[in-house]
Every structure is written in C-alpha cells, then in structure tokens.
Amino acid sequence: MIIDITLLVLGFIGLIIANYSDIKTTEVPDWISYSLIISGLSLRILHSLAYNISSYTTIALVNLGIFFIVGNIMYYSRQWGGGDAKLLMGLSVIFATYPQELLKIFTPKLDSFYFPITIFINILLVGIAYSLFFIMYLSIIHRKEFLKEFKLYLQKTKSPRKTILILSILLIVLAIILSDLIIKLTLFSTSILILFLLYLWIYIKAIEKSAMYKKVSPSKLIEGDWLIHNIFHNKKIILKKPIYGITKKQIALLKKYKIKSVEIKQGLVFTPTFLIAVIISLIFGNILNYFF
C-alpha cells in the first residue's frame with residue numbers, strides 16, 4: 001500500500017534528522033517526535049476514512065498509549081533521556097503496523113506482538129551491544145584517566161569485593177559438593193555472574209568519572225542534562241541535583257546567580273540504536289526469534 005511506503009519514508013526521515021541532531025548537539029528536539037506522531041496519526045485517520053478500516057488508526061492509538069507509559073518508565077528510571085522516550089512514541093505511531101509491501105522483499109521473523117514491541121526489544125538488544133562497545137572505546141581513548149579511576153574504585157570497594165569473593169567461593173564449593181547437575185550449574189553460574197557484575201559496575205563507574213563528566217557554563221546547558229552535584233552560591237544551596245535532569249527554569253536560575261560552571265554527566269548518543277533497530281526489525285523481525 002502507498003500509505004505504508006509513505007509512513008516508512010516519514011519514519012526514516014525523522015530518524016535521520018534525530019540522529020543528526022543528537023550527534024551534533026546531544027539533543028533530540030521535541031518537534032521531530034511530535035511531527036512523527038501528528039503526521040502518522042493524520043495519515044492513518046485519512047486511510048481509515050477512505051477505506052473504512054478503523055483498526056489502522058486504532059492500533060496506532062493503542063501503541064501510542066503503551067509507549068507513552070514505556071517511554072516514561074525508561075525516562076524516570078534514568079535509562080533514557082526525554083528526547084529518546086518521545087522518539088519511541090513517534091515510532092510507535094509511524095510503525096504501528098509492519099509495512100506489508102516489504103513482505104515482498106523480506107521474510108522477517110515477526111511474532112504475535114505489535115510491531116513496535118519488536119522494535120523496542122531490538123532497541124534494547126542493540127543498545128546493550130552499542131553501550132558496551134562505546135564504553136570500551138572510551139576506556140581506550142581515555143586510558144590514563146580510566147586506569148587511575150579504576151584503581152581508585154578498586155580501593156573504595158575493597159571491603160565489599162572481599163565479601164562478594166567469599167560468597168562466590170562458597171557457591172563454587174557448594175556446586176562441587178552437591179550432586180544435582182542443574183543445581184551445580186546454577187550455583188557455579190551465579191558465582192561467576194556476581195563477580196562479573198561487580199567488576200562491570202566498577203568498570204562503568206570508572207568510565208563515567210574519567211570520560212563522561214564535564215564542566216560547562218550554564219549557557220551551554222540544555223534541558224535534561226544530568227548535574228553531578230548540588231549547586232551552591234555563597235555557601236548556600238540554590239539548586240539541588242535534579243533527579244530527572246535539569247529544566248529550563250533551573251538553567252535560568254543558574255544564569256541569574258551568575259554561576260560560572262557546573263559539572264554534568266554526558267550520556268551516550270543513543271539515537272543510532274533506534275535507527276539500527278528499526279532497520280533490523282524491518283529486515284529480520286524480532287532478533288530473539290533467532291535464538292529461542
């Protein structure tokens with residue numbers, strides 16, 4: 001259908017603009033996501049009226065509601081920025097259904113889930129690989145600072161590391177003593193996983209401190225930036241570290257008090273994972289279906 005191709009083109013235009021903006025300014029403007037939502041719903045409503053297919057619009061509205069909730073969960077749990085969450089909502093409308101014309105070219109492994117859920121699952125999977133690659137890259141280009149912070153975090157976590165090491169050894173001993181194979185594998189895997197997660201946490205914290213913390217002037221702050229510390233003026237707190245990122249009103253407050261600089265945590269430029277995940281979803285479907 002022409003409508004599917006039109007929505008497909010609009011979706012990719014929106015994703016390309018969002019990626020360009022995110023890479024250049026580390027911000028995804030709201031107008032991109034709102035444009036996807038409005039244009040997607042408008043086209044679907046027109047198609048529904050023209051061909052008397054109400055489900056074509058209904059499914060988009062249902063998806064928008066679902067991913068409004070999902071997006072807010074990702075935002076308020078501090079996994080994503082506000083721009084990423086809104087972009088997901090826009091994509092849930094544009095790609096509310098799989099473009100049927102593409103089935104003539106590709107044979108994706110689609111399941112009974114709504115297509116946007118497939119996209120979301122793929123975003124999470126691609127995001128994990130992308131994030132791991134990115135932090136490894138940062139640890140290489142900032143290796144001196146990283147090694148310094150890594151050693152400091154090893155010192156800070158000396159006591160809990162000993163406790164966790166003892167716990168892991170006990171689990172391994174239990175795995176050797178017990179005869180049930182499933183229990184053996186479970187205990188051994190758990191002991192390895194505990195150690196892995198501990199050192200992964202130390203690794204990530206060292207990366208954050210050595211490569212992702214940056215001092216900027218209030219004039220260069222953008223809404224949603226993560227402050228590292230409370231802000232003081234004349235030894236009084238004028239701004240407590242915002243839980244969900246700084247607001248425009250708070251930025252104006254910093255300018256009012258003529259604060260010279262603040263320290264922020266720079267997040268990953270995450271929108272490339274959206275583009276990659278959408279392409280994978282359209283060509284291959286749900287990645288998990290290839291493993292389970």
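Since every read-out is calculated from the coordinates, none of them should be taken as a lab result. Worth saying up front: this structure is predicted, and the values here are computed from it rather than measured. No Cβ is skipped: glycine too gets one built from the backbone with ideal geometry, and neighbour counts run over all protein chains shown.
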Sequence-distant residues sharing a close amide H with residue 213 (under 5 Å, placed H) = 266
Magnitude of the charge dipole, region 218-260, Cβ model with Lys/Arg +1 and Asp/Glu -1, debye to 20 = 260 debye
Listed with the fewest Cβ neighbours within 10 Å leading, 262, 93, 216 appear as 216, 262, 93
In deg cm²/dmol and to the nearest 500, what is the mean residue ellipticity at 222 nm of the chain if only DSSP H runs of at least 4 residues count, each as -39500 (n - 2.57), divided by the residue total?
-> -22500 deg cm²/dmol
What FRET efficiency comes out for the pair residue 68/residue 169, r = Cβ-Cβ distance, R0 = 45 Å, nearest 0.05?
-> 0.45
Footprinting exposure proxy for 31, 226 (fewest neighbouring C-beta atoms within 10 Å first) | 31, 226
Region 1-99: Rg to Rh, with Rh as the Kirkwood radius over Cα pairs | 1.00
What ranking do 133, 95, 68 get, fewest neighbouring Cβ atoms within 10 angstrom at the top?
-> 133, 68, 95
Residue 290-residue 222 FRET efficiency (beta carbon distance; Förster radius 41 Å; 0.05 resolution) | 0.60
Links that overshoot a 21 Å alpha carbon limit, given the list 24/205; 220/249; 24/215 | 24/205
In the chain, which helices (entire DSSP H runs) extend 24 Å or more along their own long axis, judged by Cα positions, while averaging at least 1.6 on the Kyte-Doolittle scale?
-> 115-141, 158-177, 181-207
Separation of the residue 145 and residue 101 label points, Cα + 7 Å toward Cβ, nm = 4.7 nm
Given the candidates 252, 139, 81, the one whose Cα lies deepest towards the positive end of the charge dipole of the chain, counting +1 at each Lys or Arg C-beta and -1 at each Asp or Glu C-beta, is 252
Compute the distance in nm between two label points, each set 7 Å from the Cα along the Cα-to-Cβ direction, one at residue 238 and one at residue 136.
-> 4.5 nm
Pairwise centroid distance, computed over Cα atoms, of region 97-130 with region 154-219, Å = 33 Å
